[in-house]
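The values are calculated or read from the model by the stated rules, or taken from the named source; none is laboratory data. Everything numeric in this text was worked out from a predicted model, so none of it was measured. Quick reminder, even Gly has a Cβ in these numbers, built from the backbone with ideal geometry, and neighbours come from all protein chains shown. Surface areas here come from the heavy atoms of the whole protein model, side chains and all, with no ligands, DNA or RNA. Shrake-Rupley method; radii C 1.70, N 1.55, O 1.52, S 1.80 Å.
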Amino acid sequence: MQYALHTIQVNQSNDLEQSSMASNPKAKKDFSHPIYKEISLKNGEINKLNKLELIEKLNDLKLDTDNGSKEVMRTRLKAHVKKQMLSEAGLELEDKSTYNCPFDYLLVIDFEATCQRENTDDYIHEIIEFPVVMLNAKTLKVDGEFHSFCKPVLHPKLSSFCTELTGITQEQVDSSETFPVVFQKFEDWLKEKKLGSEATFAIVTHGPWDIICFLHVQCALSEIQFPDYAKKYINIRNLYSNFYKTRRLKINQMLEQLGMSFHGREHSGLADSRNIKRILVRLLKDGCIVAFNAFFTPSQSNSPPNKRKGAKKERNKTFIPEKRTTEKEGSN
């Protein structure tokens, strides 16, 4: 397992370095050009438009309105105008890629894990659903999915709260493999899709919790080397907030702002991943640069999430304790 993992990590790192250098828009633009001042002035004009005026402008340009929020439509119009003005000024990039993403594929992951209604600080969450949606960053089509439930070891019996929240049943986890086996299947799937060897990829999550509180904890618990490709990732929660100039939102709130509704069951890992993919597609279509914006360090797991700023309390995710425990989950 470790040899296969090492091969993926090395190839991914080398390809990604070359891809990022070749796809960095800022590296190819001269921001001293007067066109950027004109773009800034045009952005000021767009900022003054009300929602009806924005819809009219977008319709005139045959751009989507999607019943989205004012912030979303304003950003969409600005991105279109900027691209048009740069093209007219002869500053369009040599790279004619439609979307601003240095990766070939984006892997959307939203784990589900064991939980209780009230988690103690030393409660260890175990991954019980491992979903991955593979988005082609060039075509914006889904080129594959990986999905498996996992059998927990420390908390083999799911709490009633966990089943109510995630929809995952005791029968589903009992009939599944443990995390190390599932993780190896995921590694095999990466190789089958040539991800990290012939194609570059990045992991996309909603917030930092899936990496810090789930994957890192589970790898330590299962005595598996934490993968290098998860040490840098794309936090769509921050990406969305920064691009559309909004506060940080939940998945369903982002969809609502985009004029969309949630498809499937909330807190189902696969449904969440598929809906995050829909948000990601909209960001790319609106001109967002989708690149690494989050970095994992082991120190991020040293304190419980309810003591860290911006903790995702509603997901009941926690930290990796100094010492592992084998206490069984109490009855609920």
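Within region 58-83, being more than 18 Å from VAL281 (Cβ to Cβ), part of a helix (DSSP H, G or I) and free of Cβ contacts under 8 Å to residues at least 24 places away in the same chain holds for ASN59, ASP60, LYS70.
For region 196-205, the criterion of being farther than 25 Å from HIS125 by Cβ, in contact with a Pro (Cβ under 8 Å, 6 or more places away or on another chain) and open to solvent by less than 30 Å² (accessible area, probe 1.4 Å) is met by at least one residue. Being assigned to a helix (DSSP H, G or I), farther than 15 Å from GLU71 by Cβ and among the polar types (S, T, N, Q) is the filter here; which residues of region 237-265 pass it? Correct list: ASN238, ASN252.
Taking region 127-223 and the helices (runs of 4 or more DSSP H) fully enclosed by it, no element has 3 or more residues that are among the β-branched types (Val, Ile, Thr). In this entry, ILE234 is excluded by the filter for residues that are touching a Pro at 6+ places or on another chain (Cβ under 8 Å) and not small (Gly, Ala, Ser).
Taking region 59-86 as the range and being aliphatic (A, V, I, L, M) and within 19 Å of TYR240 (Cβ to Cβ) as the test, the residues that pass are LEU63, VAL72, MET73, LEU77, ALA79.
May I ask you to verify whether LEU77 is touching a helix residue (DSSP H, G or I) at 6+ places or on another chain (Cβ under 9 Å), open to solvent by 50 Å² or more (accessible area, probe 1.4 Å) and farther than 23 Å from PHE292 by Cβ? It is false that LEU77 is touching a helix residue (DSSP H, G or I) at 6+ places or on another chain (Cβ under 9 Å), open to solvent by 50 Å² or more (accessible area, probe 1.4 Å) and farther than 23 Å from PHE292 by Cβ.
In region 84-109, the residues that are closer than 23 Å to PHE292 by Cβ and among the hydroxyl-bearing types (Ser, Thr, Tyr) reach residues that are in a helix (DSSP H, G or I) and at pLDDT 90 or above with C-beta atoms within less than 7 angstrom, at least six apart or across chains, in these pairs: TYR99/LEU284. Based on this model, can you work out whether LYS185 counts as open to solvent by 10 Å² or more (accessible area, probe 1.4 Å) and closer than 19 Å to VAL153 by Cα? Here the answer is yes, as LYS185 does meet what is asked. Just one of (1) part of a loop (DSSP other than H, G, I, E, B); (2) open to solvent by less than 50 Å² (accessible area, probe 1.4 Å); (3) in contact with a helix residue (DSSP H, G or I) (Cβ under 7 Å, 6 or more places away or on another chain) fails for ASN100. It is (2). If you scan region 25-57, which residues turn out to be modelled with pLDDT under 90, part of a helix (DSSP H, G or I), open to solvent by 50 Å² or more (accessible area, probe 1.4 Å) and not small (Gly, Ala, Ser)? Across region 25-57, the qualifying residues are LYS26, LYS28. Here region 107-145 is the region considered, the condition is being farther than 19 Å from GLU266 by Cα and among the basic types (Lys, Arg), and the residue that is surrounded by the fewest Cβ atoms within 10 Å (Cβ to Cβ) is LYS141.
With the condition kept exactly as written, say whether any residue in region 142-162 is of a type outside the set (A, V, I, L, M), within 30 Å of CYS288 (Cα to Cα) and in contact with a Ser or Thr (Cβ under 9 Å, 6 or more places away or on another chain).
Checked region 142-162: at least one residue is of a type outside the set (A, V, I, L, M), within 30 Å of CYS288 (Cα to Cα) and in contact with a Ser or Thr (Cβ under 9 Å, 6 or more places away or on another chain).
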